[in-house]
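The values are calculated or read from the model by the stated rules, or taken from the named source; none is laboratory data. Just so we're clear, the structure is a prediction, and the values are computed from it rather than from any experiment. All Cβ positions, even for glycine, are placed from backbone atoms using ideal geometry, and neighbour counts span all protein chains on display. Note: accessible area is taken over every heavy atom of the protein model, side chains too, but ligands, DNA and RNA are not part of it. Shrake-Rupley method; radii C 1.70, N 1.55, O 1.52, S 1.80 Å.
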Amino acid sequence: MLDDESLVGLAREAADACVARIPLLSSLGQCCGAAGVGDYLLNLAAVEQSERYRDAAFDLATHVLLRSGGPLSHPRWFAPTDTADRSLSWAKGLAGILAFFRRLSDGGPGCLPVFRY
């Protein structure tokens, strides 16, 4: 299935639906939230060699920063801190969000350079 070029159009449609919903994403985590959508957008940017999806990943990063606690220049909380396990988990916590931000700053494997000044 991964080599089936006919699925790229469906992947693009799914990404476009995700981009339209960025302002509504309340979960910031990796498994079912903004960081996961961001990774998906970076994957598609790599496959398509498209700045469109890379730019959408930056928009999503801005959304994550705006939804965090603390000022935009120094966000303090990205994940619920009601339990230590939850805030440190990959799926719902800081680990998945940090992985997305690292990949965004690196460009990720196969991604276009993503540095912005």
Of everything in the stretch 1-11 that's part of a helix (DSSP H, G or I) and in contact with a helix residue (DSSP H, G or I) (Cβ under 9 Å, 6 or more places away or on another chain), which residue is nearest to PHE58 (Cα to Cα)?
ALA11
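Given the residues GLY93, GLY69, which is the only one that is modelled with pLDDT under 85, in contact with a helix residue (DSSP H, G or I) (Cβ under 6 Å, 6 or more places away or on another chain) and at negative phi? Please lay out each step first, then the result.
Numbers: GLY69 fails: in contact with a helix residue (DSSP H, G or I) (Cβ under 6 Å, 6 or more places away or on another chain).
Residue meeting the stated conditions: GLY93.
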Checked the stretch 47-65 for anything under 12 Å from LEU104 (Cβ atoms) and either touching a residue at least 60 places away in the same chain (Cβ under 8 Å) or of a type in the set (Lys, Arg) (or both); matches are ARG54
Pull up the stretch 17-42, narrow it to residues that are modelled with pLDDT under 85 and surrounded by fewer than 20 Cβ atoms within 10 Å (Cβ to Cβ), then point me to the one that is farthest from ARG103 (Cα to Cα).
SER26
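Mind checking whether some residue in the stretch 43-52 is within 30 Å of GLY9 (Cβ to Cβ), open to solvent by less than 50 Å² (accessible area, probe 1.4 Å), of a type in the set (D, E, K, R) and modelled with pLDDT of 70 or more? Explain how you work it out, then say what you get.
The initial filter retains those residues of the stretch 43-52 that are within 30 Å of GLY9 (Cβ to Cβ), namely 43-52.
Restricting the remaining residues to those that are open to solvent by less than 50 Å² (accessible area, probe 1.4 Å) gives 44-46, 50.
Then drop every residue that is not of a type in the set (D, E, K, R), which leaves none.
Scanning the stretch 43-52 turns up no residue that is within 30 Å of GLY9 (Cβ to Cβ), open to solvent by less than 50 Å² (accessible area, probe 1.4 Å), of a type in the set (D, E, K, R) and modelled with pLDDT of 70 or more.
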Which pairs have Cβ atoms under 6 Å, sit 6 or more apart or on different chains, and link a residue in the stretch 16-30 that is without any contact (Cβ under 8 Å) to a residue 60 or more places away in the chain and farther than 10 Å from HIS63 by Cβ to one that is among the aliphatic types (A, V, I, L, M) and outside any loop (DSSP other than H, G, I, E, B)?
CYS18/VAL37; VAL19/ALA56
Do we have any residue at all in the stretch 19-39 that's basic (Lys, Arg) and touching a helix residue (DSSP H, G or I) at 6+ places or on another chain (Cβ under 7 Å)?
no
For ALA14, are the conditions met, namely being assigned to a helix (DSSP H, G or I) and either in contact with a His (Cβ under 7 Å, 6 or more places away or on another chain) or open to solvent by 20 Å² or more (accessible area, probe 1.4 Å) (or both)?
yes
